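Take a look at the structure set out below.
Where a number appears in this text, it was derived from the coordinates with a stated rule and is not lab data. Values in this document were obtained by computation on a predicted structure and should not be read as measured data. All Cβ positions, glycine included, derive from the backbone under ideal geometry; neighbour counts span all protein chains shown.
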Amino acid sequence: MAFLEYAPAPESASILNLKAQYGLFIDGEFVDGHGDVFDTISPATEQVIASIAQATAADVDTAVAAARRSYEKVWSRMSGSDRGKYLFRIARLIQERSRELAVAESLDNGKPIKETRDVDVPLVAAWFFYYAGWADKLDHAGLGPNPRSLGVAAQVIPWNFPLLMLAWKIAPALAAGNTVVIKPAETTSLTAMLFAEILQQADLPAGVVNIVTGPGSTGQALVTHDDVNKVAFTGSTGVGRMIARQVAGTSKKLTLELGGKAANIVFDDAPMDQAIEGIVNGIFFNQGHVCCAGSRLLVQENVHDEVVDRLKHRLSTLRMGDPLDKNTDIGAINSAAQLERIRTLSDTGEGEGAERWTADCRIPDKGFWFAPTIFTRVSTAHTIAREEIFGPVLSVITFRTPDEAIQKANNTPYGLSAGIWTEKGARMLALVDKLRAGVVWANTFNRFDPSSPFGGYKESGYGREGGRHGLAAYLESSGWDAPRAVSAASTDSAKPADSAKPAKRSRKAVAK
Amino acid sequence: MSRLTVPKTYKLYIGGAFPRSESGRTYEVLSASGEFLANAAQASRKDARDAVVAARSAVSGWSGATAYNRGQVLYRIAELLEGRRAQFVDEIVRSEGVSAAEAGSQVDTAIDVWVWYAGWADKYAQVAGNANPVSGPYFNLSVPEPTGVVAAVAPQGVQGGSLLGFVSVIAPIVLTGNTVVVIADERAPLSAISLSEVLATSDVPGGVVNVLTGSAAEIMPWLAAHADVNALDLAGAGAIEGPKGESWVDLQLAAAETLKRVVQPVAGIPHPSIDRIGAFVETKTVWHTKSMR
Amino acid sequence: MTLTHPVALAPTDRAVRLLGGDLTETALRLHLDGLTGVDAVGLEQRAAGLSTRSIKTSSKAWALDTIIRTCDLTTLEGADTPGKVRSLVAKAVSPDASDPTTPRVAAVCVYGDMVPYAVEALGANHGDPDHGLVSVAAVATAFPSGRASLAVKLADTRDAVAAGADEIDMVIDRGAFLSGRYGVVFDQIVAVKEACARPDGSSAHLKVILETGELQTYDNVKRASWLAILAGADFIKTSTGKVSVNATLPVTLLMLEVIRDWHRLTGEKVGMKPAGGIRASKDAIRYLVTVAETVGEEWLTPHLWRFGASSLVNDVLLQRQKLATGRYSGPDYVTVD
């Protein structure tokens, strides 16, 4: 059986022009950090790619000060039209360097080049393109008259879609007139560094975007800094909870995009082959490192066996291996720590009585790998039905009626996304109404678009990214056209609206 | 001895190609100080008829493209304009008799207006469309859709408007997926044809923008009455006068026969506005039942 | 309205096993209408995903040879003459005279009345493609429209079989299908299959052309595929190549999914032939990938897979030449047929 093994089709890494060591990106320049430098490795081979600087609290302070300065002196005084032009430039530069960015992301994160080339990087360019056009149209965004920027935004992003999450944070913040200090994830800082080079090529004024690399403690220092007006975090619910506690009582605005345990609901009248693709895409795309992953398959009991059978058959042509091979479907797990977590939870699943099946994939000697795994006979009471595994592990649960499907789908503290597979429009739309999830995909899964708002209910976080709604996190209305008497009595909204002129923005904590 | 130039021939722009007028007619385009600049094609009603055919066949492809794609294509036009800035400045200086600085300012503004409109392509639906909270078990959504083929008159004889006026009329029409047949400034048409060259080398499909040079008073009555034109933009038609004294009001009267959507003339150059986008869209509202049973 | 007796259908083995002994049009219709639907967006996305496979070096070499080996080299023009058919046959037997390692195509495909010339021109090379010989496929049943009486269509078939055709490519009655007369479509296929029988007990192989471009929706294609298989098709085929929309990767993927499901259900293997519009090697390779990843690579053999093509072979030869010599080739280095 020679053909299906496909000869190697490697994407060349020679397109990259990497430095041996990267600094922090503060005030338009690369500077050394004061913490110990650390390595970033390829999770597929465990080889070192480059050294990354570590930002201490003092470095974070310098970065915030640079963001504050550029906000006061340059960015908040600039017309929306000019801000938009910078963002259009960034979008175009990303398109120009898209192959390079895709290769770097694949190398540093472990995800397949097919994904970075066809999904991640195009979305990154599109995100900047989309928000570029909003910069001079904020009055039309439906967020009240004369919306104003907030000031300096502190942003912390995860390792699963490094450059895309960076785009989701920076594009709307800048379009709305804010400046940014952003901390990439410790294991995936490389594309953020290339992005900094792009900012230099775009001639973005110094200090508008600052990048402070480092571990969790760097992020902590950033979100607790007194002189930031806005905090945006994407990552685990545990850390999100902590950040929510830390901003309590302050006037910092906060948005969180946290974990999920999405239900992918398949009815007996689903378009079957496409549903199988949707299930596979839902949990195995990006090695399952997706907050909105369809990690629970809720299948109508009368088609359970057929669906599971077809799923297993489908997994036989999934290819796990070298992320830079163009035919690879499943890449490496991002880190040893994450691999350990996936293993532990999977063992728990077996221990609690679920039935485990693993796809037949060759595991390379080096690197962090976990073959796609399906658990059947999973009950809602099981740990693997409730805890986010964040890996290529699917838990299969059955339901009998639409009501029961809803009940089980909503029976979770999470509420990020859900999938529905049925040919019946009325049922699909009724389920949409009842699902407590911020994003619902019908007869599809894992679709993203810069114009489409994304975010969760309940412990999956609050706030939305993407679309017109995505601007809301970075703006405040400077006042409704309220009757005179009310305006005089209120505090902030009494000021005349002038989006070009910044109000005094330093936000000390009100109470600690 | 100074180098002999190679003067450009200016033709119509229809269906992505540059034909002469089928009537064979031309008219002299003079500079502000009366010097001969070029012979421009004088469009006939048959050219207008052909332009409508081209515009109609381009609707399905252009409106069927994703909004993001249209935005990208339009933004690229801005890049090309920026690259050819010197050419446009030169043409305006000769046509309008203004200084290079004034011409440069017009070109810069035209590019910025174009960018403003390009950025609306993938957002307009979010501002003009919405879900409707009807009373009953129904999903209900309203979305804007392009009206189809628009016939437009660019501002005529407006100082500082030979390029800017033209751009300000066509950009809001095409960003939502409409196609346009536009009559350029009769006395100063060269910028419009040069812009057509930019369009022809861009990713804008042929037929999305069709440019006629010549007399709006002669051509517009045919377009206003044409049953396969969906809307009229009379921005620059304010001062036109037909052989029997007809005015723009007669165009609106003719349009009434087929209930075209009509935007009345403005003085000078139309400002960038979301209203100009909305004038050329239809709103479609869809209902779908919802039930768990 | 009165309740009438359901119309009985010719009882094929397959249909009776699946639907029961009293095979009627009603039973057939209930089955076909009861199949789960196809989401077009999802289907097309899966096809697009399969198209991103990068087939290089040794895989590419094998793929190029397999394309030629499974090609039905075709001429179906009103202007066909014995001379044209002889020229086609010469190409089929020796696609690239400058490279003797080039495999032969699987078959030549001609109109029924051209079969004698094809048989004569092939001579000793006429036979089973699995043994390196070339077979003769004939289109029949008032190809391409299918608009003629059943008697005419059967005569068309019998003539071609009698003249030596090994394979018959028939067209279904699309008018009957689109107006819901599944029984008529079914019975016609059964009748044509019977007309493929030879006096010695053997039978020409039957490919059933659905004309997917006229069926338009994927749901229709899925139903027609099942119908053709139940009626006894050896191969299901996308198109005649004579309408504006012919073979596409998504529609081929869908038909392969039906073939896969039939195989899982019964263990039987039905063949697949996309025809029309596949001109570039790059596209043909995508089809091979789709076969391998949907039904398995054991289908990539002449008795289960064919490309209906004319100019594709030359493009593959150009690619083979590049692999062999390292430089890009040109049209002067491949022969016209």
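For this structure, a couple of remarks:
- Residues A:T348 and A:S12, FRET efficiency given R0 of 56 Å [Cβ-Cβ distance, rounded to 0.05]: 0.85
- Trypsin sites (Lys or Arg not before Pro) restricted to segment B:193-291 and DSSP loop, no more than 16 other C-beta within 10 Å: B:K244
- Packing-based exposure ordering (other Cβ within 10 Å, fewest first) of C:C109, C:C196: C:C196, C:C109
- Per-residue mean of C-beta atoms belonging to partner chains within 10 Å, peptide A:263-275: 4
- Look at the stretch C:54-67: the mean tally of other chain Cβ atoms within 10 Å of its residues' Cβ atoms is 4.
- Shielding by other protein chains, A:123-133, mean Cβ within 10 Å: 3
- Count, lysine Cα pairs under 24 Å in segment A:263-450, 8 or more residues apart or across chains: 6
- In a reduced charge model with +1 at each Lys and Arg Cβ and -1 at each Asp and Glu Cβ, segment B:26-289 shows a dipole moment near 680 debye about its Cα centre.
- Length-normalised contact order of chain B in % [C-alpha pairs under 8 Å, at least 6 apart]: 24 percent
- Assigned charges on the beta-carbon of Lys, Arg, Asp, Glu; chain A dipole about Cα centre (debye): 1900 debye
- Comparing Cα centroids, segment A:314-332 and segment C:9-53 end up 31 angstrom apart.
- Segment C:263-323 versus segment A:393-435: alpha-carbon centroid distance in Å: 40 Å
- Value of [θ]222 nm, deg cm²/dmol, for chain A, DSSP H segments ≥ 4, -39500 (n - 2.57) each, nearest 500: -10500 deg cm²/dmol
- Neighbour-limited loop hits for trypsin sites (Lys or Arg not before Pro), segment B:1-67 (at most 10 other Cβ within 10 Å; DSSP other than H, G, I, E, B): B:R3
- At least 18 Å along the helix axis (C-alpha) and Kyte average at least -1.0, DSSP helices within chain B: B:45-64, B:67-83, B:100-118
- Taking amide H atoms as placed 1.01 Å from N in the peptide plane, the amide H of C:F307 lies under 5 Å from those of C:C71, C:D72, each 5 or more residues away in sequence or on another chain.
- Highest mean first, the peptides A:77-86, A:106-115 sorted by other C-beta atoms within 10 Å per residue fall in the order A:106-115, A:77-86.
- The charge dipole of segment C:42-321, taken about the Cα centre with unit charges on the Cβ atoms of Lys, Arg (+1) and Asp, Glu (-1), comes to about 580 debye, rounded to the nearest 20.
- Nearest-ten-degree value, helix A:98-109 long axis tilted from longest Cα axis of chain A: 70 degrees
- Of the residues C:D219, C:D80, C:D166, the one that moves most in a GNM of chain C with alpha-carbon contacts below 10 Å is C:D80.
- Highest average packing first - A:305-311, A:50-56, C:36-42, Cβ atoms within 10 Å: A:50-56, C:36-42, A:305-311
- Rounded, prolate or oblate (a/c below 1.5 giving rounded, otherwise prolate when a/b exceeds b/c) for segment C:42-321 by Cα gyration tensor: oblate
- Dipole of segment C:42-321 computed with +1 at Lys/Arg Cβ and -1 at Asp/Glu Cβ about the Cα centre; of C:F186, C:V295, C:V208, farthest Cα towards the positive end is C:V295.
- Taking other Cβ atoms within 10 Å as a rough exposure proxy, C:D332, A:D329 sort from fewest to most as C:D332, A:D329.
- Whole-Å distance, taken between Cα centres, linking segment A:340-368 and segment C:86-104: 53 Å
- In loop segments of segment A:395-463 as defined by DSSP, the trypsin sites (Lys or Arg not before Pro) with at most 10 further C-beta atoms inside 10 Å of their C-beta are A:R400.
- Chain C - percent relative contact order, Cα under 8 Å, separation 6 or more: 18 percent
- Summary value for segment A:263-450: 30 percent relative contact order, contacts being C-alpha pairs under 8 angstrom separated by 6+ residues.
- Straight-distance candidates among the lysines for linking to A:K85, with alpha-carbon spacing under 28 Å and chain neighbours fewer than 8 residues away dropped: A:K73, A:K137, A:K169, A:K183, A:K230, A:K253, A:K501, A:K504, B:K123.
- Taking amide H positions as modeled 1.01 Å from N, with prolines and chain starts lacking one, the residues under 5 Å from A:G461 and 5 or more places away or on another chain are A:L258.
- Charge tally in the Cβ shell below 14 Å around C:I278, where Lys, Arg are +1 and Asp, Glu are -1, C:I278 excluded: +3
- Acute angle (nearest 10 degrees) that the helix A:425-434 long axis makes with the longest principal axis of chain A, alpha-carbon atoms: 60 degrees
- Global geometry of segment B:10-148, whether rounded, prolate or oblate, following the gyration tensor of its Cα atoms and the 1.5 cut on a/c: oblate
- Against chain A, whose longest principal axis is taken from its Cα atoms, helix A:80-96 shows a tilt of about 40°.
- Cα gyration tensor, the protein assembly as shown - rounded (a/c under 1.5), prolate or oblate: oblate
- The residues neighbouring B:V263, those whose beta-carbon lies less than 14 Å from its own, together hold a net charge of +1 under the Lys/Arg +1, Asp/Glu -1 convention.
- Nonlocal amide H pairs with C:I236, under 5 Å, H built at 1.01 Å: C:V208, C:G271, C:M272, C:K273
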